[in-house]
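J.: Would you mind keeping the following structure in view while I ask a few things?
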Amino acid sequence: MEIIDGGVSTPKGFSTYGIHCGIKKKRLDLAMIYSDRPAWAVGAYTQNKMRAPPVELMVKRASPQLQAMVMNSGNANAITGEQGFRDAQAMIDTAAESLGIDQSLVGVASTGVISHYMPMDVIIPGIKEISQKLGSGREEDHLAAQAILTTDKTIKEAACRITLKDGTVVTIAGMAKGSGMISPSMKALHATTLSFITTDAVLTKVPHYKWQECINKSFNMINVDGDQSTNDTSIMMANGAAGGKPVDDNHEFWDGVLYVLKSLAKQVVTDGEGATKLIELKVSGAKSDKEARNAGRWIISSALVKTAVFGADPNFGRILAALGNSGSEFDLSKVKLCIGDGQEMAVLFENGMPQLVPGGESEAKARQILTHSRIDVYLELGVGNGSAEAWGCDLTYDYVKINAEYTT
């Protein structure tokens, strides 16, 4: 696998663009991705029971193929009743007509303020405009990636290239948005983060199992604030433009998909609203991978853990308390908890006993580690071979300020 500089239009046959149509003030707010041929498509969506109309439409249609996605920011089109469904469908229909393709091949996604009706008077002309500006290249990628942002500070992209055993070179690329209301729990066919993956690899079927496995190890293992959005959506489109043999069960290809998803997921957490630190948690020794993921998600979701990291307070009891609440099995006599910054490591708990001496050198070392922008946490549960990774961020004063002023 070769990591490359790329975006959603880097794989063969894809084009994209982003414009300002008027949903938001002075910022890009409408994006589109288009494939020159129908692509096999698979999606994962929020499990929030207050799902937005665009998500409900995508789930109910469960279309095995897509040729275009139209996405807007600034308005989530969530909790908007029947009008919301009509507006989401109108976005699909307008895009299909403008592109000259069947409406069943068009997907839709929205993000932004909840329970505001969509300003269709600017969105419809915007879709018609953007359909005529699609192109391929890094400038077009960046415009599209900017157009899906809300409170994000930076765009989020990732790409890689894989040479298959038959010599075929396939490209996998993606873009994402998300900085607040982040605690995805997405399931294929049934996470606000939005992420869109494009690839020119050949698929012969919709790979629900493989896709769900990748989502479980990436976006479903991040947390900013513990709130699952009404609009979380992750879509992959595979158009087969690279040719070669199908990659349905190709491990190298799916490792590439997982790399792109993990990269995007970590970028989302790093850009969390008000965040100053990235928390990378590695859980090992669990009864199963599922239990390791459960423990990891519970710990990085803890507001007490997040605030301790923000304050550089090595209060490891908060981490162990979160583990105890997770429901995952562990043997306390074998539990080991460490933190590091990539260079130094501090053992906080081992052999059933705390390892920090209050006011001592060990505590000072732990506090120093916690001042860094990236905190590595290692947790051994001592009951099996299950493992998982999870990513979170600290919870800061700025998070409250940003969200207190979100609609003003």
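The values are calculated or read from the model by the stated rules, or taken from the named source; none is laboratory data. These figures come from a predicted structure and were not determined experimentally. We place every Cβ from the backbone using ideal geometry, glycine too, and count neighbours over all the protein chains shown. For the accessible areas, the whole protein counts, side chains as well, though only heavy atoms, and no ligand, DNA or RNA atoms are used. Shrake-Rupley method; radii C 1.70, N 1.55, O 1.52, S 1.80 Å.
J.: Could you look through segment 251-303, keep only residues that are open to solvent by 40 Å² or more (accessible area, probe 1.4 Å) and of a type in the set (Asp, Glu), and pick out the one that is nearest to residue 6 (Cα to Cα)?
T.: 255
J.: Can you work out which of the residues in segment 29-51 that are out of contact with any strand residue (DSSP E or B) (no Cβ under 9 Å at 6 or more places or on another chain) and not aliphatic (A, V, I, L, M) is most open to solvent (accessible area, probe 1.4 Å)?
T.: Start the filter on segment 29-51 by keeping residues that are out of contact with any strand residue (DSSP E or B) (no Cβ under 9 Å at 6 or more places or on another chain), which leaves 48-50.
Those left that are additionally not aliphatic (A, V, I, L, M): 48-49.
Numbers: 48: 39, 49: 199 Å².
Only one residue fits best here, namely 49.
J.: Further question on the same structure: Please name all residue pairs, on different chains or six or more residues apart, with Cβ atoms under 9 Å, provided the first residue is in segment 389-400 and is over 9 Å from residue 280 (Cα atoms) and the second residue is of a type in the set (Ser, Thr, Tyr).
T.: Between residues of segment 389-400 that are over 9 Å from residue 280 (Cα atoms) and residues that are of a type in the set (Ser, Thr, Tyr), the close pairs are 394/276; 394/307; 395/307; 396/276; 396/307; 398/276.
J.: Let me ask something additional. Please report, ordered by residue number, the strands (runs of 3 or more DSSP E) entirely within segment 258-371 with at least 2 residues that are modelled with pLDDT of 95 or more and under 14 Å from residue 392 (Cβ atoms). Give the steps one after another, and end with the answer.
T.: Values: elements: 278-286, 336-340, 345-350.
Output list reads 278-286.
J.: Return the residues of segment 116-126 that are crowded, with 20+ Cβ neighbours inside 10 Å and out of contact with any helix residue (DSSP H, G or I) (no Cβ under 6 Å at 6 or more places or on another chain); say none if nothing qualifies. Lay out the reasoning, then the answer.
T.: Taking segment 116-126 first, the residues crowded, with 20+ Cβ neighbours inside 10 Å are 118, 123, 126.
Of everything in segment 116-126, those that are crowded, with 20+ Cβ neighbours inside 10 Å and out of contact with any helix residue (DSSP H, G or I) (no Cβ under 6 Å at 6 or more places or on another chain) turn out to be 123, 126.
J.: Hey, another quick one. In this structure, is residue 109 modelled with pLDDT of 95 or more, among the aliphatic types (A, V, I, L, M) and touching a strand residue (DSSP E or B) at 6+ places or on another chain (Cβ under 7 Å)? Give the derivation first.
T.: Numbers: modelled with pLDDT of 95 or more: yes; among the aliphatic types (A, V, I, L, M): yes; touching a strand residue (DSSP E or B) at 6+ places or on another chain (Cβ under 7 Å): yes.
It is true that residue 109 is modelled with pLDDT of 95 or more, among the aliphatic types (A, V, I, L, M) and touching a strand residue (DSSP E or B) at 6+ places or on another chain (Cβ under 7 Å).
Residue by residue, here is whether (1) closer than 15 Å to residue 305 by Cα; (2) surrounded by fewer than 17 Cβ atoms within 10 Å (Cβ to Cβ); (3) of a type in the set (Phe, Trp, Tyr) holds:
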site: 350; (1), (2), (3): no, yes, no
site: 354; (1), (2), (3): no, yes, no
site: 359; (1), (2), (3): no, yes, no
site: 366; (1), (2), (3): yes, no, no
site: 371; (1), (2), (3): yes, yes, no
site: 375; (1), (2), (3): yes, no, no
site: 379; (1), (2), (3): yes, no, no
site: 386; (1), (2), (3): no, no, no
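J.: Could you tell me how many of the residues in segment 127-147 are open to solvent by less than 40 Å² (accessible area, probe 1.4 Å) and under 21 Å from residue 231 (Cα atoms)?
T.: Number of matching residues: 4.
J.: Taking residue 166 as the residue in question, decide whether it is assigned to a loop (DSSP other than H, G, I, E, B), open to solvent by 10 Å² or more (accessible area, probe 1.4 Å) and over 24 Å from residue 267 (Cβ atoms). Write out each step before concluding.
T.: Values: assigned to a loop (DSSP other than H, G, I, E, B): yes; open to solvent by 10 Å² or more (accessible area, probe 1.4 Å): yes; over 24 Å from residue 267 (Cβ atoms): yes.
Taking the combined requirement at face value, the residue satisfies it.
J.: For segment 52-74, what are the residues that are open to solvent by 10 Å² or more (accessible area, probe 1.4 Å) and not basic (Lys, Arg)?
T.: Step one: filter segment 52-74 for residues open to solvent by 10 Å² or more (accessible area, probe 1.4 Å), giving 56-65, 67, 74.
Matches in segment 52-74: 56, 57, 58, 59, 62, 63, 64, 65, 67, 74.
J.: Within segment 199-229, restricting attention to residues that are of a type in the set (Ser, Thr, Tyr) and in a loop (DSSP other than H, G, I, E, B), which residue is modelled with the lowest pLDDT?
T.: From segment 199-229, those of a type in the set (Ser, Thr, Tyr) are 199, 204, 209, 218, 229; that's our starting set.
Then drop every residue that is not in a loop (DSSP other than H, G, I, E, B), which leaves 204, 218, 229.
Values: 204: 92, 218: 93, 229: 81.
Ranking the qualifying residues of segment 199-229, first place goes to 229.
J.: Sort out which residues of segment 304-327 are over 28 Å from residue 361 (Cα atoms) and surrounded by 15 or more Cβ atoms within 10 Å (Cβ to Cβ), and write them in order of number.
T.: Correct list: 326 only.
J.: Given the condition more than 23 Å from residue 253 (Cβ to Cβ), open to solvent by less than 10 Å² (accessible area, probe 1.4 Å) and in a helix (DSSP H, G or I), answer yes or no: does some residue in segment 148-162 qualify?
T.: No, because not a single residue in segment 148-162 is more than 23 Å from residue 253 (Cβ to Cβ), open to solvent by less than 10 Å² (accessible area, probe 1.4 Å) and in a helix (DSSP H, G or I).
J.: Mind checking which pairs have a first residue in segment 18-30 that is more than 11 Å from residue 150 (Cα to Cα) and a second that is open to solvent by 30 Å² or more (accessible area, probe 1.4 Å) and not in a loop (DSSP other than H, G, I, E, B), Cβ under 6 Å, 6 or more apart or different chains?
T.: If the second residue must be open to solvent by 30 Å² or more (accessible area, probe 1.4 Å) and not in a loop (DSSP other than H, G, I, E, B), the pairs left are 18/143; 18/146; 21/122; 22/122.
J.: Given the conditions (1) among the β-branched types (Val, Ile, Thr); (2) modelled with pLDDT under 95; (3) surrounded by 15 or more Cβ atoms within 10 Å (Cβ to Cβ); (4) over 30 Å from residue 114 (Cα atoms), report the number of the one that residue 396 does not fulfil.
T.: Every condition holds for residue 396 apart from (4).
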